[in-house]
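Here, each number is a calculation from the coordinates, and none is a lab measurement. As the structure is a computational prediction, the values presented were derived from the model and not from experiment. Reconstructed Cβ throughout: ideal geometry from the backbone, glycine too, with neighbour counts over all protein chains shown.
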Amino acid sequence: MSDRKPIRTFLAIELPPGIKYLIEGIKERLMPELKGIRWTRPEGMHLTLKFFGDLFQDDVDRISEVVERNVRDIAPMGLNVGSLGGFPSLKKPRVLWLGIGGDVQRLEVLQAAVERDLEECGFPGEKRPFKPHLTLGRARSRVRIISGAEALIGGIEELGVFRFDARELILFESELKPGGAVYRKLAIFPFGGY
């Protein structure tokens, strides 16, 4: 039996500090309207392409090879923070999120290529379709929904002015602690098609 400790990991695009600041402003506007929500902390705000769960260092090395190969010829992508949404719906959400606009088609193509190549290397594929989003918060209880969200439908203007350039993917470790997750960058994969 191995004494190696697994690490909880995910592949994501890190948001620039200015975008995180603007999102904090959106959350402050929404907080008085919504009840029963656990808000995402700014350091936990990422555009996740793939959640792996617990992995070992050998897995990280294999993932790195796949991701490096897929980003080699990718040019930076212009993305923007879009409109408000919810899972399973904004009428009765358990998760409240901001959608992503801009070069979404290119992002989806990259995500699908990485997903396919990782599956070929033995990593389980995601069953749900990829929906680029930024999680604002989750219902405090799994059975409950976020109350007040339905009243926001149509009330939040389009947020396409919050534009940023994605220039790399990052493999993050997420260590769960009593005060919340702590994130550490395990590997950075710059886009090569400048």
Sites Arg29 and Asp58, calculated FRET efficiency, Cβ-Cβ separation with R0 41 Å, nearest 0.05: 0.35
Stretch gain in nm, segment Glu68-Arg38, where the contour uses 0.36 nm per residue and the Cα spacing is subtracted: 7.3 nm
Burial order of peptide ranges 69-75, 79-85 (average beta-carbon count within 10 Å, highest first): 79-85, 69-75
Added length on full extension, which subtracts the Cα-Cα distance from 0.36 nm per residue, Asp165 to Val109: 18.5 nm
Extension gain, Ser83 back to Lys5 (0.36 nm per residue minus Cα-Cα distance, nm): 24.1 nm
For Leu55, residues with placed amide H under 5 Å, excluding near neighbours: Ile7, Arg8, Thr9
From phi via Karplus (6.51, -1.76, 1.60), per-residue ³J(HN,Hα) for segment 85-95 in Hz, x at Gly/Pro: x, x, 10, x, 7, 6, 5, 9, x, 9, 10
Qualifying trypsin sites (Lys or Arg not before Pro) for segment 77-140 [loop in DSSP, other Cβ within 10 Å: at most 14]: Lys91, Lys127, Arg140
Max mean-square fluctuation residue, GNM over the chain, Cα-Cα springs under 10 Å, options Val66, Val109, Val95: Val109
Size of the chain as Cα extents on the principal axes (Å, biggest first): 48, 44, 29
Of Lys27/Lys185; Lys5/Lys92; Lys35/Lys185, pairs whose Cα-Cα distance is over 28 Å: Lys5/Lys92; Lys35/Lys185
Distance between segment 24-102 and segment 115-140 - C-alpha centres, whole angstrom: 10 Å
Which of Ser141, Ser64 has the fewest Cβ neighbours within 10 Å, and the rest in rising order: Ser141, Ser64
Sum of side-chain charges, Leu176 neighbourhood, beta-carbon under 15 Å (Lys, Arg +1; Asp, Glu -1): +3
Antiparallel DSSP beta bridges within segment 7-190, as percent of all bridges there, nearest 5: 100 percent
Exposure proxy ranking, count of Cβ atoms within 10 Å, fewest first, for Phe130, Phe123: Phe130, Phe123
Relative contact order %, the chain, counting alpha carbon pairs below 8 Å whose residues are six or more apart: 33 percent
Cut-off 11 Å between beta-carbons: net charge of the residues surrounding Pro42, Lys and Arg +1, Asp and Glu -1: +1
Sites Glu175 and Arg128 - FRET efficiency at Förster radius 25 Å, r taken between beta-carbons, to 0.05: 0.50
